[in-house]
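To keep things clear, I will list the structure first and then write my remarks on it.
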Amino acid sequence: MTIAALALIGTSVPGQAVAATDTSLPRAATVHAGDLTFAPKASKQTRSIVAAKPSVAASASTVCGAGYTKIITAKRLPSDSTRYATVYVYTNGTTTGDLIYDVPTCGVLWNDTGSAQYMGIRLKDNYTATADDEDFGTFSTYAGPVRQKKGYCGEVYSYMKKGGRVVIDNLSSVGSCN
C-alpha cells in the first residue's frame, strides 16, 4: 500500500526517523513516522497532509514529547496552494477527566518557509477557567510546543508574519465535537 492509502484508512504511516532541529528544548525520544496514528475522527485532509510529509509530522510529534503520536489535526496555512506553515495537534491517547474529550493535547506550528519568521501558536481548551498556552517569537523551524490537559474540544490559533506582512491569522477547532 502507498503511504497515502495507509493514511486514509487510519493505520500508521511508514517513514524515516527524524529529530527536531531546535536544541533549546529538552529532547524526547525521536518519533518515527511509523509510530504515528490518527485520532478516530481525524479528517481526510489531516491524513493527506501527514501522508505527504510523514517525516515532518514525526518531527513535530517529537517536539511534543513522549507519547504524543496520535494526530488529531494537521492543517496547511494559509491554504493548500499557498503554504507558509503547517499546524499539527497531537494527543498521547490518555484521558485527564471524566468526559470522553478530556484528553491532553499538544500543538506545534511548523515553519515551511525555510527561513526565520515571526510566528506563534496558541492552544486553548473548552473550559473557560483554563489559561491558554502560547508560544510567539521569531523561529526558523517551529513555534511551540503548547499544551492543554483537556484540549480535544478546544481551539488552536496560528499566526505568522513574513516580510512585515501578516500571512497567517487562523483559528481552527481541535477535534470533532458537538
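Each reported figure results from applying straightforward, stated rules to the coordinates on display, with no laboratory input. This one's a predicted model, so the numbers in the text were calculated from it and none came from an experiment. Here the Cβ is made from the backbone with ideal geometry for all residues, glycine too, and neighbour counts use every protein chain on show.
Observations, loosely collected:
- Cα→Cβ-extended label distance, 7 Å offset, between Leu99 and Gln45, nm: 2.4
- Distance from region 56-104 to region 106-178 (C-alpha centre basis), Å: 11
- Summed side-chain charge close to Thr37 - residues other than Thr37 whose Cβ falls under 14 Å, Lys, Arg +1, Asp, Glu -1: +2
- With both labels modelled 7 Å from their Cα along Cα-to-Cβ, the Lys149 to Ala52 distance reads 3.7 nm.
- A cut-off under 15 angstrom between Cβ atoms defines the neighbours of Tyr84, and their net charge, with Lys, Arg +1 and Asp, Glu -1, is +4.
- Report note on the peptides 115-128, 49-62: ranked by the mean count of other C-beta atoms within 10 Å, highest first, their order is 49-62, 115-128.
- Taken over the Cα atoms of region 34-95, the convex hull encloses 83 Å³ per residue.
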